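Each remark here refers to the structure printed beneath this line.
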């Protein structure tokens, strides 16, 4: 059960109602702070809609963040979004393999994206080795956007976990199909 109320459109001032165009639990919780919800949405919308970063790489990074932070909400939602952007079931399973220290069948750049997500999440830093592989495979704009995505979704995962935002029923099967670490 979430630690803050889930608000509905009728609970909001007229100018804030647009914040619930998508009435997902994350937004229903965040609109308890309309200005905060707006800022969150602007940054998230840039990453998901306007960044030039390859969406598959972006989603691999976000799913890794959700996995590493043990955030059922973030993880389950981005498993679905990832599938819409070319992330395969084998890619999702590779996240667990790579996290456990086993090498998967992903390419060098994809493995470096997952390493970057884990390093930034767990170490709050990025190793020179991982940066060098990313720099070889991405131009500077995409490299910065990848780091912005990883950092933003770390904040999102921590917000979701702290507020104990509930996973909507539609997303629960993803958690069964691709379990988070126990």
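Rounded to the nearest 500, the 222 nm mean residue ellipticity of the chain from helices alone is -19000 deg cm²/dmol, with -39,500 (n - 2.57) taken per DSSP H run of at least 4 residues. Against the chain, whose longest principal axis is taken from its Cα atoms, helix 108-122 shows a tilt of about 50°.
Estimated at 0.36 nm per residue, the fully extended path between residue 162 and residue 24 surpasses their Cα-Cα distance by 48.0 nm. Note on residue 109/residue 46: beta-carbon distance plugged into 1/(1 + (r/R0)^6) with R0 of 30 Å gives a FRET efficiency of 0.85. Relative contact order of the chain, taken over Cα pairs closer than 8 Å and 6 or more residues apart, is 30 percent.
Relative to the longest principal axis of the Cα atoms of the chain, helix 34-45 runs at roughly 30 degrees. Distance from the Cα centroid of segment 1-77 to that of segment 88-141 is 24 Å (rounded to whole angstrom). Each of 168, 59 has some number of other Cβ atoms within 10 Å of its Cβ, and from fewest to most they run 168, 59. Going through (i) 108; (ii) 157; (iii) 117, the figure that equals volume of the Cα convex hull per residue in Å³ as computed for the structure here is (iii). Report the residues of segment 78-102 in range of a label on residue 32: point 7 Å along Cα→C-beta, backbone N strictly under 12 Å from it. Once the point is set 7 Å along Cα→Cβ of residue 32, nothing inside segment 78-102 turns out to lie under 12 Å by backbone N. What the Cβ-Cβ distance of residue 96 and residue 56 gives, at R0 = 22 Å and to the nearest 0.05, is a FRET efficiency of 0.80. Compared with the dominant Cα axis of the chain, that is its longest principal axis, helix 55-68 is turned about 80°. Each of 78, 170, 43 was scored by other Cβ atoms within 10 Å of its Cβ. Arranged with the fewest first, they read 170, 43, 78.
Read-outs throughout are calculated quantities, based only on the coordinates presented, and are distinct from any laboratory measurement. Source: prediction; values computed, not measured. No Cβ is skipped: glycine too gets one built from the backbone with ideal geometry, and neighbour counts run over all protein chains shown.
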